[in-house]
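Any read-out appearing in this document is the output of simple, stated calculations on the displayed coordinates, not a laboratory observation. Small disclaimer: the values here were computed from a predicted structure and weren't measured. Positions of Cβ are generated from backbone atoms using ideal geometry, with glycine treated the same way; all protein chains shown enter the neighbour counts.
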Amino acid sequence: MIDHYAVNKFCYDTDRNPDFVKRYIDDPDAYVDWYFEERLSRLLDNESEQSDVQTPDDRTRAALKGYDFAMLYGEGAHPFVLWTLMLPVIEAKLASGEFETPTAPDGARLENRAPMAYYRDRILPHGRPYFRY
């Protein structure tokens, strides 16, 4: 099982900083390692936020490095925070041709149709989010 707090914190913190998003897109392996070895420990090493967060296991790190948001979603990562980080990642990977462009849903805004379809196709098998952790 993933460490929900660590994964959600990673998604939230990364998404709020355009430089972090760019680093995550350009070199996910180095970014994920840096984040959990340096950034998260600094965020948690303060008086206002006490936590028992553990360094994510190899499976969770591999999912983050490989943009395996379907696994993270299925394991209970917060669906909105996960989506907001994955949107720029998916847009960049679709634009570069690394991800295959899916058939777009009709109800989405034009600029979000392909990324939304890509995301939805992969999380659909996992059903609704699981929040009992």
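What to note about this one:
- Descending by average beta-carbon neighbour count within 10 Å, the peptides 33-40, 62-69 line up as 62-69, 33-40, the highest first.
- The alpha-carbon of LYS93 sits under 17 angstrom from the alpha-carbons of these lysines, leaving out residues fewer than 8 places away in its chain: LYS22, LYS65.
- Within the shell of other residues whose beta carbon sits under 12 angstrom from the beta carbon of MET86, the net charge comes to 0, with Lys and Arg scored +1 and Asp and Glu -1.
- Full-stretch length increase - GLU37, ASP121 - with 0.36 nm per residue and alpha-carbon distance subtracted: 27.0 nm
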